[in-house]
Amino acid sequence: MEKKGIMKAVVRDIKADKGPYVVEIPIPAPIPNYVIVKVLASPVNPSDYYRSHGLFGPAPYEPYVCGNEGAGIVTEVGEGVPKDIIGKKVAVWPEIIETKDKVGMWCQYARIPYSACVFIEDSQNCEELCALFVNPLTLLSFVTLTKEMKCKTIVVTAAMSALCKSLVKVCATEGIDVIGVIRKEEDLKTLRGLGFKHVLNLTNSGFEKELKEVAAKTDARIAFDAIAGDMPGKLLSAMPNNSTVFVYGRLSGKAPSVDSLKDQMEKENKKLQWFSVTEYKIIKDPEERKKALEYIQKDVKEGGKLFKINVVKKFALDEFKMAFETYTKVASTGKVIIIPNP
């Protein structure tokens, strides 16, 4: 039975060496320029797992309510927010706006800056549109970086991920080809069908030679790696001069290792950089952020052709540990989501 004024949330407290765990906390009250959102769905992203276990950068505060993004219904509004949005569906990512008043989305109610909301049509499904920020803003940043380097082809690892599947759709609208790196031969047909120009199997003995040939032919001088460990080194060795590999994840659990390539990188003007969407101009620059959110909002109005997710499994807040276990097994087929208010 729900207690009045109290809600459940998944939190972590690394300072106390505790977390993540489910706790009961007060439902937040509205304040000026904020809305209260009843959370209906929130995806499990890789960063959710790493951050909730203290492995992915600092949390905004401790204890930290887990869950980067989500979607739900506006139940209350603070001063300065139109009252007619009460009852409207929204997708939100609290961290998109710099403010100390933040909360994650693995809770039943969240207090969110009004300016951090993307509105969802009444007829649309919050579960399918609960991941409109982390992946979309990341891949839109990838496209911007690719244009800035005047490249027409990019390389991505972990190509079966939801992010990469959306990325290839956006790249198609921008005239950019995508080379996808996979581990399973059976995924080749799937990615070809989605529009990947080339698909290379990392486990094949001739992988690096094949990548070198394809990268030279297509002038692929930019890559985005979610694996790290020795993967960035393999990419840099095979790519043309003046190439850059951006590392945005560590699915292998290992930091990038390129020490043996330092001389080659200097001679061929190759670079390795860490990428974090929260530090990129698409978040930091208000105008860039506004343009990106308008792009996402437009896609939502058109039915979510680019950013709607495929939900493969749902879990209640109390089942978040099972959600963590499941997301690693089904990441290539779709998203696992948390349902805070079943």
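Among the residues of region 118-131, write down those that are touching a Leu at 6+ places or on another chain (Cβ under 9 Å) and either among the β-branched types (V, I, T) or surrounded by 22 or more Cβ atoms within 10 Å (Cβ to Cβ) (or both).
Within region 118-131, V118, I120, C130 qualify.
Let me confirm something: among E279, E302, E319, which residue is among the acidic types (D, E), over 23 Å from V214 (Cα atoms), at pLDDT 95 or above and open to solvent by 60 Å² or more (accessible area, probe 1.4 Å)? It would help to see each step written out before you state the result.
Numbers: E279 fails: at pLDDT 95 or above; E302 fails: at pLDDT 95 or above.
Being among the acidic types (D, E), over 23 Å from V214 (Cα atoms), at pLDDT 95 or above and open to solvent by 60 Å² or more (accessible area, probe 1.4 Å) holds for just one of E279, E302, E319, which is E319.
Take Q264 and decide whether it is under 30 Å from L211 (Cβ atoms), part of a helix (DSSP H, G or I), of a type in the set (S, T, N, Q) and open to solvent by 30 Å² or more (accessible area, probe 1.4 Å).
Numbers: under 30 Å from L211 (Cβ atoms): yes; part of a helix (DSSP H, G or I): yes; of a type in the set (S, T, N, Q): yes; open to solvent by 30 Å² or more (accessible area, probe 1.4 Å): yes.
The answer is yes for Q264.
On the given criteria, is L272 touching a residue at least 12 places away in the same chain (Cβ under 8 Å), among the hydrophobic types (A, V, I, L, M, F, W, C), surrounded by 12 or more Cβ atoms within 10 Å (Cβ to Cβ) and in a strand (DSSP E or B)?
Values: touching a residue at least 12 places away in the same chain (Cβ under 8 Å): yes; among the hydrophobic types (A, V, I, L, M, F, W, C): yes; surrounded by 12 or more Cβ atoms within 10 Å (Cβ to Cβ): yes; in a strand (DSSP E or B): yes.
It is true that L272 is touching a residue at least 12 places away in the same chain (Cβ under 8 Å), among the hydrophobic types (A, V, I, L, M, F, W, C), surrounded by 12 or more Cβ atoms within 10 Å (Cβ to Cβ) and in a strand (DSSP E or B).
Test each condition in (1) under 20 Å from the mean Cα position of the chain (by Cα); (2) closer than 21 Å to R289 by Cβ; (3) modelled with pLDDT of 90 or more for E148 and report the one that comes out false.
(1)
Residue by residue, here is whether (1) touching a His at 6+ places or on another chain (Cβ under 6 Å); (2) under 28 Å from Y280 (Cα atoms); (3) at pLDDT 85 or above; (4) open to solvent by 10 Å² or more (accessible area, probe 1.4 Å) holds:
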{"residue": "P43", "(1), (2), (3), (4)": "no, yes, yes, no"}
{"residue": "R51", "(1), (2), (3), (4)": "no, yes, no, yes"}
{"residue": "K89", "(1), (2), (3), (4)": "no, yes, yes, yes"}
{"residue": "T99", "(1), (2), (3), (4)": "no, yes, no, yes"}
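Can you find, within region 105-133, the residue that is farthest from P26 (Cα to Cα) among those that are at pLDDT below 95 and of a type in the set (S, T, Y)?
Residue satisfying both the conditions and the ranking: S123.
Consider region 195-218. How many of its residues are open to solvent by 70 Å² or more (accessible area, probe 1.4 Å) and within 27 Å of the chain's Cα centre (by Cα)?
2
Looking at (1) farther than 18 Å from C126 by Cα; (2) under 16 Å from the mean Cα position of the chain (by Cα), which is the only condition V336 fails?
(1)
So T153 fits all but one of (1) in contact with a His (Cβ under 9 Å, 6 or more places away or on another chain); (2) crowded, with 24+ Cβ neighbours inside 10 Å; what number is the exception?
If we test T153 against (1) in contact with a His (Cβ under 9 Å, 6 or more places away or on another chain); (2) crowded, with 24+ Cβ neighbours inside 10 Å, just (2) comes out false.
Please go through region 300-316 and pick out each residue that is without any contact (Cβ under 8 Å) to a residue 40 or more places away in the chain, of a type in the set (D, E, K, R) and within 18 Å of G70 (Cα to Cα).
Answer for region 300-316, where residues must be without any contact (Cβ under 8 Å) to a residue 40 or more places away in the chain, of a type in the set (D, E, K, R) and within 18 Å of G70 (Cα to Cα): just K313.
Scanning for something surrounded by 20 or more Cβ atoms within 10 Å (Cβ to Cβ), β-branched (V, I, T) and touching a residue at least 40 places away in the same chain (Cβ under 8 Å), does region 169-178 turn up at least one residue?
To start, the set of residues in region 169-178 that are surrounded by 20 or more Cβ atoms within 10 Å (Cβ to Cβ) comprises 171, 176, 178.
Checking the rest, the ones that are also β-branched (V, I, T) come to 176, 178.
Next, from what is left, pick out any that are touching a residue at least 40 places away in the same chain (Cβ under 8 Å): none.
No, region 169-178 contains no residue that is surrounded by 20 or more Cβ atoms within 10 Å (Cβ to Cβ), β-branched (V, I, T) and touching a residue at least 40 places away in the same chain (Cβ under 8 Å).
The values are calculated or read from the model by the stated rules, or taken from the named source; none is laboratory data. Every value quoted in this text rests on a predicted model; they were computed, and no experiment measured them. Virtual Cβ from ideal backbone geometry, glycine too; neighbours counted across all protein chains shown. Quick note on the areas: whole protein, heavy atoms, side chains included, nothing else; ligands and nucleic acids left out. Shrake-Rupley method; radii C 1.70, N 1.55, O 1.52, S 1.80 Å.
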